[in-house]
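These notes concern the structure reproduced below.
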Amino acid sequence: MIPEQAELERLYAYPEGGKPWIRTNFVSTLDGAAYDESGKSGSLGGEVDTRVFSLLRSLADVIIVGAGTARTEGYRPVGTEEVDADLRARLGLAPVPPIAVVSRRLDIPDELRDQLLITTTDAPGLDALREDMDVLAFGEGVIDWSAVLAELASRGLTRVLCEGGPTLHGTLVAQDLVDDLCLTIAPVLAAGSAPRIAHGPEAVTHHMRRSHVLDADGVLLTRWLRS
Ligand SMILES: NC(=O)c1ccc[n+]([C@@H]2O[C@H](COP(=O)([O-])OP(=O)(O)OC[C@H]3O[C@@H](n4cnc5c(N)ncnc54)[C@H](OP(=O)(O)O)[C@@H]3O)[C@@H](O)[C@H]2O)c1
(Lines give C-alpha, C1' and ligand atoms only; values in the text may rest on other atoms or scores of the structure.)
Protein backbone atom coordinates (compact mmCIF):
# COMPACT_ATOMS: atom_id res chain seq x y z
CA MET A 1 0.00 0.00 0.00
CA ILE A 2 1.22 3.48 -0.87
CA PRO A 3 0.32 6.19 1.63
CA GLU A 4 -1.50 9.39 0.70
CA GLN A 5 0.55 12.21 -0.84
CA ALA A 6 0.85 14.16 2.44
CA GLU A 7 2.29 11.09 4.19
CA LEU A 8 4.70 10.47 1.29
CA GLU A 9 5.88 14.09 1.56
CA ARG A 10 6.52 13.53 5.28
CA LEU A 11 8.37 10.27 4.66
CA TYR A 12 10.68 11.87 2.08
CA ALA A 13 11.11 15.30 3.72
CA TYR A 14 14.60 16.78 3.88
CA PRO A 15 15.70 17.58 7.44
CA GLU A 16 15.16 21.13 8.69
CA GLY A 17 18.14 23.34 9.34
CA GLY A 18 19.45 24.32 5.94
CA LYS A 19 22.68 22.31 6.12
CA PRO A 20 23.76 20.64 2.84
CA TRP A 21 22.09 17.24 2.55
CA ILE A 22 22.92 14.81 -0.23
CA ARG A 23 20.17 12.43 -1.19
CA THR A 24 20.66 9.86 -3.92
CA ASN A 25 17.79 8.20 -5.77
CA PHE A 26 18.12 4.85 -7.52
CA VAL A 27 16.20 1.84 -8.70
CA SER A 28 17.72 -1.62 -8.69
CA THR A 29 16.67 -5.11 -9.76
CA LEU A 30 16.51 -7.94 -7.21
CA ASP A 31 19.96 -9.09 -8.33
CA GLY A 32 21.40 -5.60 -7.93
CA ALA A 33 21.51 -4.40 -11.53
CA ALA A 34 21.26 -0.63 -12.07
CA TYR A 35 19.57 -1.05 -15.45
CA ASP A 36 17.92 -3.70 -17.58
CA GLU A 37 18.75 -5.02 -21.04
CA SER A 38 17.55 -1.71 -22.58
CA GLY A 39 20.54 -0.01 -20.92
CA LYS A 40 18.16 2.27 -19.04
CA SER A 41 16.56 2.18 -15.62
CA GLY A 42 13.44 4.33 -16.03
CA SER A 43 10.92 1.54 -16.61
CA LEU A 44 12.18 -0.82 -13.88
CA GLY A 45 10.16 0.53 -10.96
CA GLY A 46 6.96 1.26 -12.87
CA GLU A 47 4.37 3.90 -12.02
CA VAL A 48 4.99 4.05 -8.29
CA ASP A 49 8.71 4.67 -8.76
CA THR A 50 7.92 7.42 -11.26
CA ARG A 51 5.68 9.03 -8.65
CA VAL A 52 8.45 9.00 -6.03
CA PHE A 53 11.01 10.18 -8.62
CA SER A 54 8.79 13.19 -9.28
CA LEU A 55 8.20 13.85 -5.57
CA LEU A 56 11.95 13.79 -4.90
CA ARG A 57 12.48 16.31 -7.70
CA SER A 58 9.74 18.45 -6.22
CA LEU A 59 11.53 18.50 -2.85
CA ALA A 60 15.01 19.35 -4.19
CA ASP A 61 16.92 22.62 -4.65
CA VAL A 62 19.23 21.12 -7.26
CA ILE A 63 19.55 17.83 -9.16
CA ILE A 64 23.04 16.46 -9.73
CA VAL A 65 23.52 13.92 -12.50
CA GLY A 66 26.56 12.31 -14.10
CA ALA A 67 27.13 13.11 -17.76
CA GLY A 68 26.83 9.40 -18.64
CA THR A 69 23.28 9.26 -17.31
CA ALA A 70 22.43 12.63 -18.83
CA ARG A 71 23.55 11.32 -22.25
CA THR A 72 21.94 7.85 -21.96
CA GLU A 73 18.64 8.95 -20.44
CA GLY A 74 18.26 12.08 -22.60
CA TYR A 75 18.19 14.56 -19.74
CA ARG A 76 16.53 17.96 -20.24
CA PRO A 77 15.97 20.89 -17.89
CA VAL A 78 13.17 20.19 -15.41
CA GLY A 79 9.82 21.58 -16.61
CA THR A 80 7.31 23.21 -14.27
CA GLU A 81 4.77 20.52 -15.21
CA GLU A 82 7.14 17.80 -13.91
CA VAL A 83 7.14 19.04 -10.32
CA ASP A 84 4.51 19.81 -7.70
CA ALA A 85 4.21 23.60 -7.91
CA ASP A 86 2.10 23.89 -4.73
CA LEU A 87 4.54 21.84 -2.72
CA ARG A 88 7.50 23.89 -3.96
CA ALA A 89 5.72 27.14 -3.17
CA ARG A 90 4.83 25.88 0.32
CA LEU A 91 8.48 25.02 0.97
CA GLY A 92 9.70 28.32 -0.47
CA LEU A 93 11.61 26.63 -3.29
CA ALA A 94 12.27 28.01 -6.78
CA PRO A 95 9.68 26.91 -9.39
CA VAL A 96 12.02 24.19 -10.69
CA PRO A 97 15.34 22.73 -9.53
CA PRO A 98 18.23 23.25 -11.97
CA ILE A 99 20.17 20.26 -13.30
CA ALA A 100 23.88 20.22 -12.44
CA VAL A 101 25.74 17.92 -14.84
CA VAL A 102 28.96 16.34 -13.61
CA SER A 103 31.60 15.85 -16.28
CA ARG A 104 35.31 15.97 -16.91
CA ARG A 105 35.34 15.38 -20.67
CA LEU A 106 32.63 18.05 -21.12
CA ASP A 107 30.59 16.16 -23.71
CA ILE A 108 27.42 17.90 -22.50
CA PRO A 109 24.06 17.31 -24.23
CA ASP A 110 22.87 20.45 -26.04
CA GLU A 111 19.61 20.42 -24.08
CA LEU A 112 21.53 21.03 -20.84
CA ARG A 113 23.73 23.87 -22.09
CA ASP A 114 21.83 26.47 -20.02
CA GLN A 115 22.11 24.50 -16.77
CA LEU A 116 24.88 24.06 -14.18
CA LEU A 117 28.13 22.24 -14.81
CA ILE A 118 30.23 20.61 -12.08
CA THR A 119 33.75 19.86 -13.24
CA THR A 120 37.46 20.35 -12.54
CA THR A 121 39.43 23.57 -13.13
CA ASP A 122 41.51 21.84 -15.82
CA ALA A 123 38.72 20.17 -17.82
CA PRO A 124 39.48 20.42 -21.56
CA GLY A 125 37.46 23.10 -23.38
CA LEU A 126 36.02 24.57 -20.19
CA ASP A 127 36.38 28.23 -21.20
CA ALA A 128 34.15 27.76 -24.26
CA LEU A 129 31.38 26.36 -22.07
CA ARG A 130 31.52 29.21 -19.56
CA GLU A 131 29.56 31.44 -21.96
CA ASP A 132 26.48 29.23 -21.76
CA MET A 133 26.72 27.20 -18.60
CA ASP A 134 26.86 28.20 -14.95
CA VAL A 135 30.19 26.54 -14.15
CA LEU A 136 31.24 25.18 -10.77
CA ALA A 137 34.85 24.16 -11.39
CA PHE A 138 36.66 22.99 -8.27
CA GLY A 139 39.70 20.74 -7.94
CA GLU A 140 42.45 19.93 -10.41
CA GLY A 141 42.31 16.46 -11.99
CA VAL A 142 39.50 15.38 -9.67
CA ILE A 143 36.45 17.30 -8.48
CA ASP A 144 36.75 18.83 -5.03
CA TRP A 145 33.31 17.92 -3.69
CA SER A 146 33.66 19.87 -0.43
CA ALA A 147 34.15 23.02 -2.47
CA VAL A 148 31.26 22.15 -4.80
CA LEU A 149 28.86 21.59 -1.90
CA ALA A 150 30.03 24.80 -0.21
CA GLU A 151 29.39 26.74 -3.42
CA LEU A 152 25.92 25.21 -3.81
CA ALA A 153 25.15 26.02 -0.17
CA SER A 154 26.29 29.62 -0.66
CA ARG A 155 23.60 29.85 -3.34
CA GLY A 156 21.00 28.39 -0.97
CA LEU A 157 21.05 25.03 -2.79
CA THR A 158 21.30 22.67 0.18
CA ARG A 159 18.62 20.11 -0.69
CA VAL A 160 20.74 18.15 -3.11
CA LEU A 161 19.28 15.26 -5.10
CA CYS A 162 21.68 13.05 -7.03
CA GLU A 163 19.95 10.92 -9.69
CA GLY A 164 23.03 8.91 -10.54
CA GLY A 165 24.51 7.25 -12.27
CA PRO A 166 26.53 4.47 -10.66
CA THR A 167 29.94 6.04 -11.41
CA LEU A 168 29.05 9.37 -9.82
CA HIS A 169 27.39 7.53 -6.94
CA GLY A 170 30.56 5.47 -6.46
CA THR A 171 32.55 8.68 -5.95
CA LEU A 172 30.03 10.12 -3.51
CA VAL A 173 29.87 6.87 -1.52
CA ALA A 174 33.67 6.50 -1.50
CA GLN A 175 33.94 10.04 -0.07
CA ASP A 176 31.19 9.36 2.49
CA LEU A 177 29.06 12.19 1.15
CA VAL A 178 25.74 10.33 0.90
CA ASP A 179 23.37 11.29 3.73
CA ASP A 180 20.29 9.62 2.34
CA LEU A 181 19.60 6.87 -0.20
CA CYS A 182 16.14 6.47 -1.70
CA LEU A 183 16.19 3.06 -3.33
CA THR A 184 13.39 1.38 -5.23
CA ILE A 185 13.81 -2.39 -5.48
CA ALA A 186 12.02 -3.67 -8.57
CA PRO A 187 10.67 -7.25 -8.57
CA VAL A 188 12.88 -8.16 -11.53
CA LEU A 189 15.86 -10.46 -12.10
CA ALA A 190 18.23 -9.16 -14.76
CA ALA A 191 21.62 -10.98 -14.78
CA GLY A 192 23.86 -9.50 -17.49
CA SER A 193 26.72 -7.09 -16.83
CA ALA A 194 24.96 -3.97 -15.55
CA PRO A 195 26.77 -2.44 -12.57
CA ARG A 196 25.38 -2.01 -9.08
CA ILE A 197 24.01 1.43 -8.17
CA ALA A 198 27.41 2.54 -6.89
CA HIS A 199 30.65 1.39 -8.40
CA GLY A 200 34.22 2.55 -8.64
CA PRO A 201 37.79 1.54 -7.88
CA GLU A 202 37.52 2.07 -4.14
CA ALA A 203 35.57 -0.32 -1.88
CA VAL A 204 34.27 1.17 1.36
CA THR A 205 31.69 0.31 4.03
CA HIS A 206 29.31 2.95 5.30
CA HIS A 207 26.47 1.76 7.52
CA MET A 208 22.98 3.08 6.85
CA ARG A 209 19.84 2.79 8.93
CA ARG A 210 16.37 2.13 7.58
CA SER A 211 14.07 5.14 7.45
CA HIS A 212 11.17 3.34 5.75
CA VAL A 213 10.26 0.40 3.57
CA LEU A 214 6.97 0.52 1.66
CA ASP A 215 5.63 -2.41 -0.31
CA ALA A 216 3.74 -1.22 -3.38
CA ASP A 217 2.49 -4.49 -4.83
CA GLY A 218 5.97 -6.01 -4.79
CA VAL A 219 7.86 -2.82 -5.73
CA LEU A 220 9.75 -1.87 -2.57
CA LEU A 221 10.20 1.84 -1.90
CA THR A 222 12.97 2.25 0.65
CA ARG A 223 14.82 5.13 2.28
CA TRP A 224 18.10 4.74 4.15
CA LEU A 225 19.89 7.39 6.21
CA ARG A 226 23.55 7.68 7.18
CA SER A 227 23.95 5.68 10.39
N1 LIG B 1 19.33 2.45 -11.55
C2 LIG B 1 19.25 3.74 -11.48
O3 LIG B 1 18.50 4.28 -10.66
C4 LIG B 1 20.09 4.57 -12.41
C5 LIG B 1 20.26 5.93 -12.14
C6 LIG B 1 21.04 6.68 -13.02
C7 LIG B 1 21.61 6.07 -14.11
N8 LIG B 1 21.41 4.76 -14.34
C9 LIG B 1 21.99 4.10 -15.51
O10 LIG B 1 23.39 4.12 -15.37
C11 LIG B 1 23.99 4.13 -16.65
C12 LIG B 1 25.08 5.15 -16.70
O13 LIG B 1 26.07 4.76 -15.78
P14 LIG B 1 27.37 5.62 -15.52
O15 LIG B 1 28.05 5.03 -14.35
O16 LIG B 1 28.14 5.79 -16.78
O17 LIG B 1 26.69 6.99 -15.13
P18 LIG B 1 27.19 8.40 -14.64
O19 LIG B 1 27.86 8.32 -13.31
O20 LIG B 1 25.98 9.25 -14.76
O21 LIG B 1 28.18 8.88 -15.76
C22 LIG B 1 29.56 8.68 -15.78
C23 LIG B 1 30.14 9.93 -16.38
O24 LIG B 1 29.76 11.05 -15.57
C25 LIG B 1 30.86 11.88 -15.33
N26 LIG B 1 31.26 11.69 -13.95
C27 LIG B 1 30.71 10.86 -13.03
N28 LIG B 1 31.33 11.00 -11.85
C29 LIG B 1 32.29 11.91 -12.03
C30 LIG B 1 33.26 12.50 -11.17
N31 LIG B 1 33.36 12.16 -9.88
N32 LIG B 1 34.11 13.42 -11.68
C33 LIG B 1 34.00 13.79 -12.99
N34 LIG B 1 33.11 13.27 -13.85
C35 LIG B 1 32.26 12.36 -13.36
C36 LIG B 1 31.91 11.45 -16.32
O37 LIG B 1 31.53 12.14 -17.51
P38 LIG B 1 32.48 12.52 -18.73
O39 LIG B 1 32.68 11.24 -19.45
O40 LIG B 1 31.68 13.52 -19.52
O41 LIG B 1 33.73 13.09 -18.15
C42 LIG B 1 31.66 9.95 -16.41
O43 LIG B 1 32.14 9.39 -17.62
C44 LIG B 1 22.88 4.38 -17.65
O45 LIG B 1 22.56 3.17 -18.26
C46 LIG B 1 21.73 4.84 -16.81
O47 LIG B 1 20.51 4.48 -17.35
C48 LIG B 1 20.67 3.98 -13.51
Reported set for the range 13-51 where residues are open to solvent by less than 40 Å² (accessible area, probe 1.4 Å) and under 20 Å from L172 (Cβ atoms) is Y14, I22, R23, T24, N25, F26, V27, S28, G32, A33, A34, S41
Looking only at residues that are surrounded by fewer than 12 Cβ atoms within 10 Å (Cβ to Cβ) and either under 18 Å from the mean Cα position of the chain (by Cα) or among the small types (G, A, S) (or both) in the range 126-160, which one is farthest from the ligand (Cβ to nearest atom)?
S154
So in the range 165-195, with the set limited to residues that are within 11 Å of the ligand (Cβ to nearest atom) and in a strand (DSSP E or B), which one is farthest from V148 (Cα to Cα)?
I185
It is to be established whether one or more residues within the range 177-195 are over 19 Å from V65 (Cβ atoms), open to solvent by 50 Å² or more (accessible area, probe 1.4 Å) and without any contact (Cβ under 8 Å) to a residue 12 or more places away in the chain.
yes
Residues in the range 66-73: is at least one at pLDDT 95 or above, loosely packed, with under 14 Cβ neighbours inside 10 Å and in contact with a strand residue (DSSP E or B) (Cβ under 9 Å, 6 or more places away or on another chain)?
no
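The rows are residues; the columns are (1) at pLDDT 95 or above; (2) in contact with a strand residue (DSSP E or B) (Cβ under 7 Å, 6 or more places away or on another chain).
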{"site": "A6", "(1), (2)": "yes, no"}
{"site": "R23", "(1), (2)": "yes, yes"}
{"site": "G45", "(1), (2)": "no, yes"}
{"site": "F53", "(1), (2)": "yes, yes"}
{"site": "L87", "(1), (2)": "yes, no"}
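Can you tell me how many residues in the range 114-155 are assigned to a helix (DSSP H, G or I) and touching a helix residue (DSSP H, G or I) at 6+ places or on another chain (Cβ under 9 Å)?
Looking only at the range 114-155, we keep the residues that are assigned to a helix (DSSP H, G or I), and these are 126-130, 145-154.
From what's left, touching a helix residue (DSSP H, G or I) at 6+ places or on another chain (Cβ under 9 Å): 145.
The qualifying residues number 1.
The values are calculated or read from the model by the stated rules, or taken from the named source; none is laboratory data. Computed from a prediction, not measured in an experiment: that's the story for all the values here. Here the Cβ is made from the backbone with ideal geometry for all residues, glycine too, and neighbour counts use every protein chain on show. With ligands, DNA and RNA removed, areas are computed over all heavy atoms of the protein, side chains included. Shrake-Rupley method; radii C 1.70, N 1.55, O 1.52, S 1.80 Å.
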